[in-house]
Amino acid sequence: MLTDPESFGGRADDAFDVIVPDLPGYGFSDKPKKHGAIFRVNDLWARLMTDKLGYAQFGAHGGDWGSTVTEQLARSHSDAVVAIHLTDVPFVHIFKKPDDPSPAEKQFFDLNDKWLPKEGAYATIQSSKPQSLAHGLNDSPVGLASWLVEKFRAWSDCDGEIESRFTKDELLTQVMIYWVTESIGTSFLPYYDYANAGALTWIQEGVKNWIGSPKVPAAFALFPRDISQPPREWAQRFFNVQRWTEMPRGGHFAALEEPELLAEDIRIWFRAFRDGRGT
């Protein structure tokens, strides 16, 4: 999340306060004790920013699960969230395709349908049998490294040469965090939560989505080798899209692959809100 320092007695230069919370169940954060945590993270982040850290308003950025939580933040806490910045449209929307798709949306759906059988097996097992997989990966550092590093190779802008985008130290650090915290299993919980959410959860999510998200200005930064390449009209079905940037390079791990490109797009977008101009 990003905040306006000047509004809270901070610096008056071109800097932002940047708060980087860790999702429950990932890395060194606490592990959820029950299912459904991904549906409550947005409330946790809102309390962190307002009640605990004392910010009246803030902006939020996210990609992958972060885009899902950021959308929920905008939807449920639009009084505090001034704007959001995403690198993708949360994947859950694709499970309810519209009756009137545009040609670009049809192409997007077709590509996704082709991608899922070839590359989506990880999500299927993580959402259906997470514990069986987790025990195996927690017991084998080679297995854990294989499970994780393969995604860095497949989902990045590396053309099969993984060390052209990531150093060995960067890759080993990612694997080691999961290994020493034994958090690979709890990192699967969001997949399980979404796959097993009951009808009432989905109804509530759908209603809240249309009440909140369209009010909050949204910017998108799309990286060409990301696993999802939604057209702008798909994003506009769910968000108040005010900025759309198609990056020249980069993949799914944008903050690690192209930190300068991502950071500059975030700065440009939120600078207007800090200066009080909005969109």
Please report, in cubic angstrom per residue, the volume enclosed by the convex hull of the alpha-carbon atoms of the chain. 143 Å³
How many nm is it between the label spots at Asn138 and Asp110, if each spot is 7 Å from the Cα in line with the beta carbon? 4.5 nm
Straight-line reach from Lys151: which aspartates and glutamates fall under 18 Å, measuring Cα to Cα and dropping same-chain residues less than 8 apart? Asp64, Asp88, Glu119, Asp159, Glu161, Glu163, Asp169, Glu170, Asp226, Glu257, Glu258
At 1.4 Å probe size, what's the solvent-accessible area of Trp244? Round to the nearest 10 Å². 50 Å²
Per-residue ellipticity at 222 nm for the chain, helices alone: DSSP H runs ≥ 4 residues times -39500 (n - 2.57), over residue total, nearest 500 deg cm²/dmol? -14000 deg cm²/dmol
I need the trypsin sites (Lys or Arg not before Pro) found in the stretch 45-142, filtered to DSSP loop residues with at most 12 other beta carbons within 10 Å of theirs. Lys96
Rg over Rh, two decimals, the stretch 69-203 (C-alpha only, Kirkwood Rh): 1.00
Along the Cα→Cβ direction, 7 angstrom out, place labels at Glu264 and Asp99. What is the inter-label distance in nm? 4.5 nm
List the GluC sites (Glu not before Pro) within the stretch 102-192 that fall in a DSSP loop (any state other than H, G, I, E or B) and whose Cβ has at most 10 other Cβ atoms within 10 Å. Glu161
Full extension between Asn196 and Arg153 adds, at 0.36 nm per residue less the Cα distance, a length in nm of 12.5 nm
For Met49, Met176, Met247, give me the order by solvent-accessible area with a 1.4 Å probe, most accessible first, ignoring ligands, DNA and RNA. Met176, Met247, Met49
On a 0 to 90° scale, report how tilted helix 168-181 is relative to the longest principal axis of the chain, with both axes built from alpha carbons and the result rounded to the nearest 10. 80 degrees
Just list whichever of Lys31/Lys97; Lys33/Lys215; Lys96/Lys129 have alpha carbons separated by over 29 Å in the model shown. Lys31/Lys97; Lys33/Lys215
Helix 65-76 against the longest principal axis of the chain: what's the angle in degrees, Cα atoms only, rounded to the nearest 10? 40 degrees
Enter the angle in degrees (range 0 to 90, nearest 10) between the Cα long axis of helix 130-139 and the first principal axis of the Cα atoms of the chain, meaning the one along which they spread out most. 70 degrees
Could you give the distance between the Cα centres of the stretch 16-40 and the stretch 234-271, to the whole Å? 22 Å
Cα centroid of the stretch 108-162 to Cα centroid of the stretch 59-98, whole Å: 23 Å
Other residues with Cβ under 14 Å from the Cβ of Pro259 give, with Lys and Arg +1 and Asp and Glu -1, a net charge of -4
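The values are calculated or read from the model by the stated rules, or taken from the named source; none is laboratory data. Note that the structure is predicted; figures quoted are calculated from it, not measured. FYI the Cβ positions are ideal-geometry reconstructions off the backbone, even for glycines, and counts take in every protein chain you see. These accessible areas exclude ligands, DNA and RNA; they are computed on the full protein's heavy atoms, side chains included. Shrake-Rupley method; radii C 1.70, N 1.55, O 1.52, S 1.80 Å.
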